[in-house]
1. Ignoring ligands, DNA and RNA, what percent of the accessible area of the stretch 1-115 is carbon or sulfur (1.4 Å)?
2. Pairs to check: 21/73; 21/111; 56/141; 123/156; 21/81; 111/141. Give those whose C-alpha atoms are more than 27 Å from each other in this structure.
3. Where nothing but the Cβ of Lys and Arg (+1) and of Asp and Glu (-1) is charged, how large is the charge dipole of the stretch 42-99 around its Cα centre, in debye to the nearest 20?
4. Over the chain, average the accessible area per residue using a 1.4 Å probe and give it in Å², no decimals.
5. So how strong a dipole does the chain carry about its Cα centre when Lys and Arg Cβ are +1 and Asp and Glu Cβ are -1, to the nearest 20 debye?
6. Projected onto the charge dipole of the chain (+1 at Lys/Arg Cβ, -1 at Asp/Glu Cβ, origin at the Cα centre), which of 41, 77, 127 gives the Cα projection farthest towards the positive end?
7. Applying 1/(1 + (r/R0)^6) with R0 = 30 Å to the Cβ-Cβ distance of residue 124 and residue 75, what FRET efficiency is obtained, to the nearest 0.05?
8. According to the Cα gyration tensor, what semi-axes, each the square root of 5 times an eigenvalue, does the equivalent ellipsoid of the chain have, listed from largest to smallest in whole Å?
Amino acid sequence: MLIHFLDKEVDSLNINVVKDKEKSNYFIYSVNTPTELNLDLRIRADDGYYLLWNSKQNIYNCSLKIDGKNTNKENVATTMKINFVRSLGYFYLEFDNSNCSSYFSYCKSDKKEFGLKDLEIVKYHYSYGICKGTNIDTFEKNHKDAKESLKKNHSKFYFLHTN
């Protein structure tokens, strides 16, 4: 199962399955009929997610809605996995159509698979604290500064993220 795989493979990502909604920060639900209640009105599409982060860039509330009306169960499962993985961080989707199978590829494909590149993206997001809550320009500047500091034999380098 994807969640157990990610929990095992990705540093700083802890996934526990609970049955009590009050003990969770991530809620997955299905809408199976047009008259069934949508449990998170912020999700207006048939499937998707809505999440909130705290000031430390930790997910503290997420809802993931599954389209239970879709009769193609394989497609529903794949869409749910893609939405779950994408909801784990603030990721930019790739517009490069050469790898449509990636979960982070913007192009449409019926053959999406969670591959090694996708795993590396998630690992990187969760394993390198200096990139949390920054854009690519800030990250690259911080990374350059940290490498220069280490060359000067400074053993510690601190980053402070404020919002």
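1. Numbers: 3920 of 7920 Å².
Percent of accessible area from carbon and sulfur atoms in the stretch 1-115: 50.
2. Values: 21/73 25 Å; 21/111 32 Å; 56/141 20 Å; 123/156 23 Å; 21/81 20 Å; 111/141 37 Å.
Result: 21/111; 111/141 exceed 27 Å.
3. Details: 8 positive and 6 negative charges, 62 e Å.
So the magnitude is around 300 debye.
4. Working: 11740 Å² over 163 residues.
Dividing the accessible area of the chain by its residue count gives 72 Å².
5. Numbers: 24 positive and 21 negative charges, 88 e Å.
It comes to approximately 420 debye.
6. 127
7. With R0 = 30 Å, the Cβ-Cβ based efficiency is 0.60.
8. On the way: eigenvalues 220, 74, 40 Å².
Taking √(5λ) for each eigenvalue gives 33, 19, 14 Å, largest first.
The values are calculated or read from the model by the stated rules, or taken from the named source; none is laboratory data. Please read these numbers as outputs of a predicted model, since none were measured by experiment. Methodologically, a virtual Cβ is constructed for each residue, glycine included, from the backbone with ideal geometry; neighbour enumeration extends over all protein chains shown. The area values use the complete protein model at the heavy-atom level, side chains included, leaving out ligands, DNA and RNA. Shrake-Rupley method; radii C 1.70, N 1.55, O 1.52, S 1.80 Å.
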